[in-house]
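The values are calculated or read from the model by the stated rules, or taken from the named source; none is laboratory data. Computed from a predicted structure; not experimentally measured. Cβ placement follows ideal geometry from the backbone for every residue including glycine, while neighbour counts extend to all protein chains displayed. All accessible areas refer to the heavy atoms of the entire protein, side chains included, with ligands and DNA or RNA removed. Shrake-Rupley method; radii C 1.70, N 1.55, O 1.52, S 1.80 Å.
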Amino acid sequence: MKQYIREQADILSHILEHSDFDVLSSIKNKHQITIAASGTSKNAALVVKAALAKANIQMNVETPFQLQHCSRLLETSDLVIAISHTGKSKGTLDCAKIAHDHGITTIGITGYMDSPLTQTCDYNIDIGCGDEPIGPKTKGYMATCLTLFLVLFQLLKNNHDFTYQKNDFMKEWLQEIKLFNQTIETTENFLMSHQEWAKASCVSVIGYGIQFGVACEGNLKLLETMQIPAMCYELEEFMHGAHRTITEDSYLIFLHVNGEGYNLMSQLIDFAHQQNAHLIVIEDNQKVKADLYVPYLSKTKAVFTTSLILQVMASYLPECKGINPSDPLFKDFATTVGTRVI
């Protein structure tokens, strides 16, 4: 897992320098976009959706089951984007097929261009991260985030919507990527001095805005690797009941970066300190006391750096417990229960 985490800077740089999305240039006037994805792929989509919330497109991000059984979006959307790193997630495949049967344009985003997903969709995009055979995806998550951003920038360009300038985002991404190795080292040094976090029986990750998707992904990684209950919360949702779990035995991670929820999160962090809970505060304001810092980025909110910190936690802390985070707990689970095609 650590190997894949360290590959991410080069992978993201390569995507930015070499990816070509002109294949999508013929897709025009698509304003109602539905994204079908599960797990890490869904979390990546949540990040992108929040980042482009004010663009002239309506994005819906849903799990395949909800789309098939509790929605009409597979019949009424202008465009469906199906995301699956393996290209074998059965529910995502089914969504692409249903949308295609209703005459809706489909784009598949996958790490394997010879997968079943590519046989189903009208257009296919390689996320460009290479092979990642372990369950807890790290470089697959980062590459999916960046690729989905670039796909949507192409669609916005096709729609003559320049509300968001791609170059403005690229400047911030490049700034983050340059700091990846430093961020990994800083996070590992912090954890080396705070190994009590390996004793946590439950962890909660709290975020808001763009960082809510990051919180969902960080929660998933900690759950997958530490093999303990882990929960993610949107800031205000945490304050409606879940705040009652804050005690001296709580382990809480706060993604505290610039945005509309900054002051409210500050008050919650102060309250958690008063309860003597175990906290890790990730902050983008160097003037505020925190445990770990990320760069201040006005558009992208340092989502790659905060994600990287949580990935390092998910790879380091299990080893303190004698767990290899790359080892599967249940081999062939997905094919046995039928969530992945063979």
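List the number of the failed condition for Asp122; all other conditions in (1) free of Cβ contacts under 8 Å to residues at least 24 places away in the same chain; (2) out of contact with any strand residue (DSSP E or B) (no Cβ under 6 Å at 6 or more places or on another chain); (3) of a type outside the set (Ser, Thr, Tyr) hold. Result: Asp122 fails condition (2) only.
Residues of the stretch 113-126 that are within 18 Å of Thr40 (Cα to Cα) and either part of a strand (DSSP E or B) or open to solvent by 70 Å² or more (accessible area, probe 1.4 Å) (or both): Ile125, Asp126. Among residues of the stretch 129-153 that are under 17 Å from Pro328 (Cα atoms), those with a Cβ under 8 angstrom from a residue that is among the aromatic types (Phe, Trp, Tyr), sequence gap 6+ or separate chain, pair up as Glu132/Tyr4; Ile134/Tyr4; Thr138/Tyr4. The single residue among Lys157, Lys221, Lys171 that is within 17 Å of Pro295 (Cα to Cα) and either not β-branched (Val, Ile, Thr) or not in a loop (DSSP other than H, G, I, E, B) (or both) turns out to be Lys171. Among the residues making up the stretch 174-214, those that are open to solvent by 80 Å² or more (accessible area, probe 1.4 Å), within 20 Å of Pro325 (Cβ to Cβ) and of a type in the set (D, E, K, R) are Glu185, Lys199. The set of residues in the stretch 91-112 that are assigned to a loop (DSSP other than H, G, I, E, B) and farther than 16 Å from Leu148 by Cα comprises His102, Gly103, Ile104. The set of residues in the stretch 49-75 being open to solvent by 70 Å² or more (accessible area, probe 1.4 Å) and either touching a Lys or Arg at 6+ places or on another chain (Cβ under 6 Å) or not hydrophobic (A, V, I, L, M, F, W, C) (or both) consists of Lys49, Lys54, Asn56, Gln58, Gln66, His69, Arg72, Glu75. Among the residues making up the stretch 44-60, those that are within 15 Å of Leu148 (Cα to Cα) and out of contact with any strand residue (DSSP E or B) (no Cβ under 9 Å at 6 or more places or on another chain) are Val47, Ala50, Ala51, Ala55. In the set (1) open to solvent by less than 80 Å² (accessible area, probe 1.4 Å); (2) touching an Asp or Glu at 6+ places or on another chain (Cβ under 9 Å); (3) touching a residue at least 60 places away in the same chain (Cβ under 8 Å), Ile323 fails one condition alone, (2). If the condition is being out of contact with any helix residue (DSSP H, G or I) (no Cβ under 7 Å at 6 or more places or on another chain) and either among the aliphatic types (A, V, I, L, M) or within 13 Å of Leu317 (Cβ to Cβ) (or both), then the stretch 203-223 contributes Ala215, Leu223.
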